[in-house]
Ligand code: CO
């Protein structure tokens, strides 16, 4: 017996709907993938890239992981960036964090078992740095404001990592159009904010 029938049923309805609106929809999508955007976001189920920016299949290349990290040691993320920049020639790389990120919260708490602990290690460093900056030092129960500030700082930190990557530098040196963006999403109202905008 087929498992999760409700998901297959929803898929069948969606496929019919797309074909109803545009009989050549899938045919055209098969032919070409040329998204302008690469989205690097959190794996959190409440932050689905296509949905919140209103883009259709084919319009955004997506990489998601816990706490939207760009780690040069992460082969998956580096391969995505290489493909997106060198082959797809995306014009924008968007790092999108979100307030209330469980990954950030975990990095503020007790040590976990690996692999989660290993994954969160760059965030542990960020949490430590922010603590030593004199913010909320010594709090055993970090406030929501501090947590949310760390969600923003994490985005800035990932954009800084992006800036330093050879794949990004090489694209710029050869004059390829490539902008980096740091955004944050608010689960409370579904709105995005550009952290780099004045
Ligand atoms: Co998250």
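The values are calculated or read from the model by the stated rules, or taken from the named source; none is laboratory data. Worth saying up front: this structure is predicted, and the values here are computed from it rather than measured. Glycine also receives a Cβ, built like all others from the backbone with ideal geometry; neighbour counts cover every protein chain displayed.
Just a few scattered comments:
- Test: residue in segment 53-65 that is in the same structural domain as residue 176 (by TED's automatic domain parsing), part of a strand (DSSP E or B), in contact (Cβ under 8 Å) with a residue 24 or more places away in the chain and away from the ligand (no atom under 16 Å from the Cβ): yes
- Screening residue 100 against (1) exposed (fewer than 14 other Cβ atoms within 10 Å of the Cβ); (2) under 19 Å from residue 154 (Cα atoms) leaves a single unmet condition, (1).
- Any hit, segment 74-97, residues being in a strand (DSSP E or B), more than 16 Å from the ligand (Cβ to nearest atom) and either in the same structural domain as residue 150 (by TED's automatic domain parsing) or in contact with a helix residue (DSSP H, G or I) (Cβ under 9 Å, 6 or more places away or on another chain) (or both): yes
- Those residues of segment 107-125 which are within 14 Å of the ligand (Cβ to nearest atom) and in contact with a helix residue (DSSP H, G or I) (Cβ under 6 Å, 6 or more places away or on another chain), in sequence order: 107, 108, 120, 123
- Residue in segment 64-78 that is farthest from residue 90 (Cα to Cα), counting only those that are under 8 Å from the mean Cα position of the chain (by Cα) and surrounded by fewer than 21 Cβ atoms within 10 Å (Cβ to Cβ): 65
- Evaluating residue 43 against the criteria (1) within 30 Å of residue 164 (Cα to Cα); (2) away from the ligand (no atom under 16 Å from the Cβ) leaves one unmet condition, (2).
- In segment 1-52, of all residues being assigned to a helix (DSSP H, G or I) and touching a residue at least 40 places away in the same chain (Cβ under 8 Å), the one that is nearest to residue 191 (Cα to Cα) corresponds to 52.
- Residue in segment 104-122 that is in the same structural domain as residue 165 (by TED's automatic domain parsing), under 14 Å from the mean Cα position of the chain (by Cα) and in contact (Cβ under 8 Å) with a residue 12 or more places away in the chain present: yes
- Test: residue in segment 170-193 that is part of a helix (DSSP H, G or I) and touching a residue at least 40 places away in the same chain (Cβ under 8 Å): yes
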